[in-house]
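First comes the structure, then the notes that go with it.
The values are calculated or read from the model by the stated rules, or taken from the named source; none is laboratory data. Computed from a predicted model, the values in this text were never measured in an experiment. Please note: Cβ atoms are built from the backbone with ideal geometry, for glycine as well, and neighbour counts cover all protein chains shown. With ligands, DNA and RNA removed, areas are computed over all heavy atoms of the protein, side chains included. Shrake-Rupley method; radii C 1.70, N 1.55, O 1.52, S 1.80 Å.
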Amino acid sequence: MRVGFTYNMRRNSSAAEETEPPDFPSSLAPGLDGMDNFAEWDDEHVVRDLQETLAKYHEVIPIEADLNAFEKLRKYRPDIVFNIAEGFFGPSRESVIPAMLEMLGIPYTGSDPLTLGLCLDKARAKEVLGYHRLPTAKFAVLKSWPLNGQLRHFDYPMFVKPLFEGSSKGIWMDSVVENTSAMKATVEKVWRTYAQPALVEEFMPGREFTVALLGNGASLRVLPIVEIAFEALPAGAKPIYGWEAKWLWDSAEHQLEIYKCPADLDRELQSKIETLCKKAFNYLGCRDLCRIDVRLDANGEPNILELNPLPGLIKDPAVHSCFPKAAYTAGMTFDDLILTILEEACRRQEVRR
Ligand SMILES: Nc1ncnc2c1ncn2[C@@H]1O[C@H](COP(=O)(O)OP(=O)(O)O)[C@@H](O)[C@H]1O
Ligand SMILES: [Mg+2]
C-alpha cells in the first residue's frame, strides 16, 4: 500500500541541514515562555523509527503536518494515512489533519476529529463519561475569580490543571491544592501560562494506572495494564505524574522506574478497570487505539482521569512510552503494534491491501 505518514516533529540537531523547512502558523500556543510549547510533539528519532517501521512493509509518504500538509495529501493521495500529528494549538489541534483527510476522502488511523477534540477538552469528555455513569472525579471549569460558589460541594485537597493540555503541561507539584489561597495561585498560573480555563477536580488519592486499548468492536482488547509507581519519585514529591516526573526527573540516561507493567492487580480490580476502559473507549467513539489514565478514589474504586486517543508511540524501550511498553509486555514487537493499528484502520474503512 501507499501509506501516508503525518507527524509534527520537535527539531533537535539536523534542522539546519533541511532543504525544505516546515511552514508553521505565525503564532504558537501560549506556554512556559516556549519551554513546553512542543512537549507533545515527537522527537526526530521517534518519527524516524515509525517511518522506518512502516517502510519495511509499505511505500511510505512522509508528510509533516504544517501549512503545506493539505496540498501534499491532495497531491499524493495515499491509500491510507498513519497519523500521529499533534497539531499546534487549541482543543481541536489534533483534529486538524483528520479533518483534512475526511475532506479529501482519505482513510486514516485512529479516532476522528470529533473524538480527538472531545478528549482534549477534559471537561467535555467528563460530561460524556458522566452521562453514561462512568466514574470520573467531580469537576468544575474556572474562568474567573471570585468563584461564585462553584466549588461549594468540594473538599480539599483538590487538583488544578489546564482544561486542554497534554504531556503533563501545566501539571505541577502545586497542582495539588490544600486551601483557597493555594487554589487561587495555581488557577491564576494556569490562566496566565496557557491562556485557557482551569479544570478543578476532587483529588483522587489512590493507585494510578494507564491502560492501552487496541482494536475495534469485538476485537477491542486491553493490553497489560501499566501502574504509575509513585514510590519511584524523589522523597517528598507528591504522588502525581506531572511535569517534573515526566520531563525533569526522568531521562533516557537516568530512567525513573515509574512504570510497572504488568501492574500487580487482583482479578476483580483488573476486570473492573478493563471493563471501565472499554466502555469509555466506546462511549467516546475511539477507534483503533487509545490510552486511558485511571486512578483509584478514596474507596479504591477506579475513576477515569482522561483519554488519550493519540498516544505516544516511541519504539526505543530506553525512553518511557506507555503504549509500546504495554504491547511489549503482551509479547508484541514494535512492528506488530504498528501493523496492528494499520490493519485495524484498514479493516474498519475497507481499504484494499
Ligand atoms: N483528579 C486528580 N486526582 C489525582 N491526581 C490527578 C488528578 N488529575 C490528574 N492527576 C495527576 O496528574 C497527572 C496528569 O494529569 P492528566 O489529566 O492525565 O494530564 P496529561 O494530559 O498531561 O497526561 C495524572 O497522571 C495524575 O497523576
Ligand atoms: Mg494523562
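What is segment 205-349 by shape, rounded, prolate or oblate, if you read a ≥ b ≥ c off the alpha carbon gyration tensor as root eigenvalues and call it rounded for a/c under 1.5, prolate for a/b larger than b/c, and oblate otherwise?
Because a/c hits 1.5 or more and a/b fails to exceed b/c, segment 205-349 counts as oblate.
Just check segment 2-108 against the gyration tensor rule for me: Cα atoms, a ≥ b ≥ c as the square roots of the eigenvalues, rounded for a/c under 1.5, and otherwise prolate or oblate depending on whether a/b exceeds b/c. Write down the numbers at each step before the final one.
Details: a/c = 1.83, a/b = 1.30, b/c = 1.41.
It comes out oblate by the Cα gyration axes.
How about segment 38-74: which trypsin sites (Lys or Arg not before Pro) there lie in a loop by DSSP and see at most 14 other Cβ atoms within 10 Å? Each step should come with its number before you reach the end.
Values: sites: ARG48, LYS56, LYS72, ARG74; in loops: LYS56.
Those satisfying the criteria are LYS56.
For the chain, can you list the cysteines whose C-beta has no other cysteine C-beta under 4.7 Å from it?
CYS119, CYS261, CYS277, CYS322, CYS346, each lacking another Cys Cβ under 4.7 Å.
Please work out whether segment 200-273 counts as rounded, prolate or oblate from its C-alpha gyration tensor, where a ≥ b ≥ c are the square roots of the eigenvalues and a/c under 1.5 means rounded, while otherwise a/b larger than b/c means prolate and anything else oblate? Could you put the intermediate results ahead of the total?
Details: a/c = 2.05, a/b = 1.62, b/c = 1.26.
Prolate shape, in that a/c is at least 1.5 and a/b is the bigger ratio.
In whole percent, how big is the carbon plus sulfur part of the accessible area of the chain, probe 1.4 Å, protein atoms only? Kindly include the intermediate steps, with their values, before the conclusion.
Details: 8010 of 15850 Å².
Answer for the chain is 51 percent, counting heavy atoms of protein chains only.
Taking the Cα centre of the chain as the origin and placing charges on Cβ (Lys, Arg +1; Asp, Glu -1), which of ILE84, LEU276, TRP172 is farthest toward the positive end of the dipole?
LEU276
Using alpha-carbon positions, what is the distance between the centroids of segment 216-242 and segment 26-83, in Å?
Answer, in whole Å: 27.
Only Cα pairs under 8 Å and at least 6 apart count here; give the relative contact order of segment 2-108 as a rounded whole percent.
About 41 percent, as a whole number.
Can you tell me, using C-alpha contacts under 8 Å and at least 6 residues apart, the relative contact order of segment 246-353 as a whole percent?
22
Enumerate by residue number the trypsin sites (Lys or Arg not before Pro) in segment 86-173 meeting two conditions: DSSP loop (anything except H, G, I, E, B), and at most 10 other Cβ atoms within 10 Å of the site's Cβ.
The qualifying sites are ARG133, ARG152.
Identify, among TRP145, MET158, VAL200, the residue whose Cα sits farthest towards the positive end of the charge dipole of segment 138-202, taking +1 on the Cβ of Lys and Arg and -1 on the Cβ of Asp and Glu, with the dipole about the Cα centre.
Sorting the options by dipole projection puts first TRP145.
With every protein chain present, what is the per residue accessible area of the chain (1.4 Å probe, Å²)?
Accessible area per residue: 45 Å².
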